[in-house]
Amino acid sequence: MQTVKMVVTGPFAAGKTCFINSVSEIDVVSTERKISSEAERIKETTTVAMDFGRITVDDDLVLYIFGTPGQKRFDFMWEILSEGMLGFIVVVDSTRPETFREAKGILHTFRAYAPTPYVVAANKQYLPDAWTVDDLRIALKLDRNIKMLPCVATDKESVKGVLLELLYSILEEMKAG
Amino acid sequence: MALKGNLRDFSVAQLFNLINLARKTGTLTLEGPDQAAWVSFREGKLIYAQLGSEDGTLTGVLAKAGKLTPRQAKLIKTHAPDKSDQELGLMLINAGYLSQKEILASIRQYVLDIVFQLFTWTDGYFRFDGDVLPPDDRITIRIDLENIIIEGSRRVQELEQLREEIPNLDMALDFVDRPGANIRDVNLNVEEWKVVSYINPKNTIRQIAKANKMSELQIRRIVYGLLQAGLVEIVRPEGMPLPPQAQRIQPLDRQEGASLVNRLIQRIRSL
């Protein structure tokens, strides 16, 4: 049995756990805890070690999707999670510009850990306060050749679209050698 | 008993605040990541600071401030080795070379530069020894601590933000290869040029800082500015090994890898 791994990362409360939940065939193995810090209390629970979801491809191949903890004090987990990944997805809450700086930092860190293909998912695009994908690209200083995809992390089709775009990028990179 | 502990538990800002409120007299010794520092106070006012083995004599201070050339500094050290700082200061004033105001301003700036650097130390042993003061031959000043605490705290906050922007100083920098991004067309100051001259995928940011004797805050500020201007990008230093498991994916040959990814694509489409 071969297993491959993708990582879903992004700032605190960006929607990473929802993203994995939307496509995982198992209930996401979640390590959520009640939030203790007032500053981070914009949701009730958060991921403290990692989430993981699974998609069985066939008898010989399983895809695991790992979610990283978004809170900075758990960033020691990032390097461990990034080991051997096929590629990664950075989920950004399009309505929270205060997290864009952190998203940029996370993106650079993951690129440093493993230079694998990645895409950026601009979550919550349906909300009126959401920054447009073009504006987000500028804010995150994303190169033109990096895919920035509008996304609704709770919507399976939307998440599928993001995963497929990442896989297309991985395939292109493999073909380019 | 001396006031002592670790900066992890009691920050430099908190220590200064305590010294200010209690109007303490004595010397605070801090053992930082690479070197030690000594900061002296009289009745809650900052009077003197010394960092590691830096030349904190008046000659050294004036040379650092650019008031003396390295040659002049060397001459003074050779010809007047036994002169105290006060005597040397008087000599320079009487010779009409520098005014008292210039000398005091240089000392003040020297002390402040050291002290602001200390605010960024977040780990290390500290000890406050009451009534221990700098050597008698040193010229001391009197600076209120309130403004220093405010400015120091602001710099700590700035450093934290810069650490988020540039999380790893062991990465290297390279010039951005795009039309219109020409470093020669940009107005840079001396410090920025010093950094630019070392930019090369072989040099880590940390090495560039060390070569230029810059503090963490100084190098991060400059690199941040260059990044914001789109002139440079952060790159993996040449020769830096990949994480072991990231390499493990390599054995997949191109055909095998493409086949695997195509299977994943088919599966996700069918979800």
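What's the number of the only condition in (1) modelled with pLDDT of 90 or more; (2) out of contact with any strand residue (DSSP E or B) (no Cβ under 6 Å at 6 or more places or on another chain) that residue B:250 fails to meet?
(1)
Going residue by residue through the stretch B:155-167, is there one that turns out to be within 12 Å of chain A (Cβ to nearest Cβ) and hydrophobic (A, V, I, L, M, F, W, C)?
Yes - at least one qualifying residue is present in the stretch B:155-167.
Against the definition (in contact (Cβ under 8 Å) with a residue 24 or more places away in the chain and surrounded by 15 or more Cβ atoms within 10 Å (Cβ to Cβ)), how does residue B:139 come out, yes or no?
Yes, satisfied.
Hey, which of the strands (runs of 3 or more DSSP E) in the stretch A:1-62, taking only ones fully inside, have at least 2 residues that are at pLDDT 60 or above?
Here the list reads A:2-9, A:51-58.
Scan the stretch A:122-160 residue by residue and report those that are buried (at least 18 other Cβ atoms within 10 Å of the Cβ) and within 10 Å of chain B (Cβ to nearest Cβ).
A:159
Go through the stretch B:145-180 and give me each residue that's at pLDDT below 85, over 16 Å from residue B:222 (Cβ atoms) and in a helix (DSSP H, G or I).
Result: B:164, single match.
Scan B:161, B:109, B:157 and give me the residue that is without any contact (Cβ under 8 Å) to a residue 12 or more places away in the chain and under 25 Å from residue B:45 (Cβ atoms).
The unique qualifying residue is B:157.
Would you pick out the residues in the stretch A:133-177 that are charged (D, E, K, R), without any contact (Cβ under 8 Å) to a residue 60 or more places away in the chain and assigned to a loop (DSSP other than H, G, I, E, B)?
Result: A:141, A:143, A:144.
Kindly indicate the residue of the stretch A:103-121 that is hydrophobic (A, V, I, L, M, F, W, C) and facing chain B (nearest Cβ under 7 Å) and also farthest from residue B:163 (Cα to Cα) among those meeting that condition.
The residue in question is A:114.
Condition first: in contact with a helix residue (DSSP H, G or I) (Cβ under 7 Å, 6 or more places away or on another chain), closer than 29 Å to residue B:172 by Cβ, within 14 Å of chain B (Cβ to nearest Cβ) and of a type in the set (S, T, N, Q). Can you find one or more residues in the stretch A:164-171 that meet it?
no
The values are calculated or read from the model by the stated rules, or taken from the named source; none is laboratory data. As the structure is a prediction and not an experimental result, all values here were calculated from the model. Every residue, glycine as well, gets a Cβ built from its backbone with ideal geometry; the counts of neighbours run over all protein chains shown.
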